[in-house]
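Report on one structure; see the data block that follows.
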Amino acid sequence: MYKLIDATLSAELHELYLENIEWLSEMLSMEDEMKIFKKSFSEWTIKSIAIGLFLKTDGVQKGISALLEKRSHLKEMLQIRIKMIEQLMAGSDVNIGLEIVGEDKIIISEIKSIIEDDFILRHHISNLIPII
């Protein structure tokens, strides 16, 4: 009986570990992409001011920074969870409870929110930047 429970728990932990690694990888990828996007937008803003196009870009800069911060927070949360799962898989005496299921729901919700915020920000920027 215990071997069956241990095997099931081990498989579940492995699946949870892989899922968290995938989420972290996605956040790192999106974070790198947004940093490049932020740099490009900053360069475009400087060029647009130089040719006389005065746009309200402060809100966009704040939006980009807020999105990067949100992703950074989620990345930290995922790194902590991955470390905890690794310890569990290694057989350490780490206590977990059902709150891990609630955390998964929060993480999934946060990922969806970040993706939606990213889409809205990019749409706003595409409407803001005139064709030069």
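Of note:
- Full extension of the segment from Ile21 to Lys47, taken as 0.36 nm per residue of separation minus the current Cα-Cα distance, would add 5.4 nm.
- The modelled label-to-label distance for the pair Glu116/Leu68, using points 7 Å beyond Cα in the direction of Cβ, is 2.4 nm.
- Between Ile125 and Gln79, the contour length at 0.36 nm per residue exceeds the alpha carbon distance by 13.5 nm.
- Out-of-range pairs (alpha-carbon distance over 27 Å; input Lys35/Lys112; Lys39/Lys83; Lys38/Lys112; Lys47/Lys75; Lys62/Lys83): Lys39/Lys83; Lys47/Lys75; Lys62/Lys83
No lab work stands behind these numbers, since they all come straight from the coordinates. Everything numeric here is computed off the predicted structure, so don't read it as measured data. No Cβ is skipped: glycine too gets one built from the backbone with ideal geometry, and neighbour counts run over all protein chains shown.
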